[in-house]
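**Student:** For reference, the structure I am asking about is given below.
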Amino acid sequence: MGMLVVSAVFVVILSALAYRANIRFRNERRLPMQWGITGAVNWSAPRSVALAFIPILAIGVLGFQVFMALNVPARAGQEALVFPVLVGTGATLVAVQLLHLWLIERTLRHNAG
């Protein structure tokens, strides 16, 4: 039960970050999704798709981890690692979303100036 709650908390955090970013970028029709090694934008997506991508990915990834943890027994000696791995995955998703939002902000500022 605790794993489901922790997963839901991470999804709520990611959704709140996306919601705030949607307000911040409301004047942009499309947002960058991928950058090349030189910093040039390789492709962009509609704002709603760009901002919903990581929360939706988190639902799938964290949901799969919870499903597997509840239905597949851990290997002997690794039972105590299931919860920390879930928390690590959630924290990584938050870090990736924050990086994505920072890169978007930096790109939009660079293009405006």
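**Student:** Let me confirm something: among 26, 106, 20, 47, which residue is over 17 Å from the mean Cα position of the chain (by Cα) and surrounded by 11 or more Cβ atoms within 10 Å (Cβ to Cβ)?
**Tutor:** 106
**Student:** Also, I was wondering about something else. Conditions first: (1) in contact with a strand residue (DSSP E or B) (Cβ under 7 Å, 6 or more places away or on another chain); (2) more than 29 Å from residue 87 (Cβ to Cβ); (3) not β-branched (Val, Ile, Thr). Residue 31 passes all but one, so which condition is the exception?
**Tutor:** It is condition (2) that residue 31 fails.
**Student:** Among 75, 20, which is farther than 16 Å from residue 107 by Cα, among the basic types (Lys, Arg) and in a helix (DSSP H, G or I)?
**Tutor:** Matching residue, one of 75, 20: 20.
**Student:** Of the numbered conditions (1) at positive phi; (2) touching a Gly at 6+ places or on another chain (Cβ under 6 Å), residue 42 fails exactly one; give the number of that condition.
**Tutor:** (1)
**Student:** Moving to a separate point now. When both residues are 6+ apart or on different chains and their Cβ atoms are under 9 Å apart, which pairs have a first residue that lies in segment 57-74 and is over 11 Å from residue 3 (Cα atoms), and a second that is exposed (fewer than 14 other Cβ atoms within 10 Å of the Cβ) and among the charged types (D, E, K, R)?
**Tutor:** As it stands, the answer is 73/79, since those pairs meet every condition given.
**Student:** Between 88, 2, 60, 36, which is loosely packed, with under 12 Cβ neighbours inside 10 Å and in contact with a strand residue (DSSP E or B) (Cβ under 6 Å, 6 or more places away or on another chain)?
**Tutor:** Among 88, 2, 60, 36, only 36 is loosely packed, with under 12 Cβ neighbours inside 10 Å and in contact with a strand residue (DSSP E or B) (Cβ under 6 Å, 6 or more places away or on another chain).
Read-outs throughout are calculated quantities, based only on the coordinates presented, and are distinct from any laboratory measurement. The structure displayed is predicted, hence computed values, not measured ones. Virtual Cβ from ideal backbone geometry, glycine too; neighbours counted across all protein chains shown.
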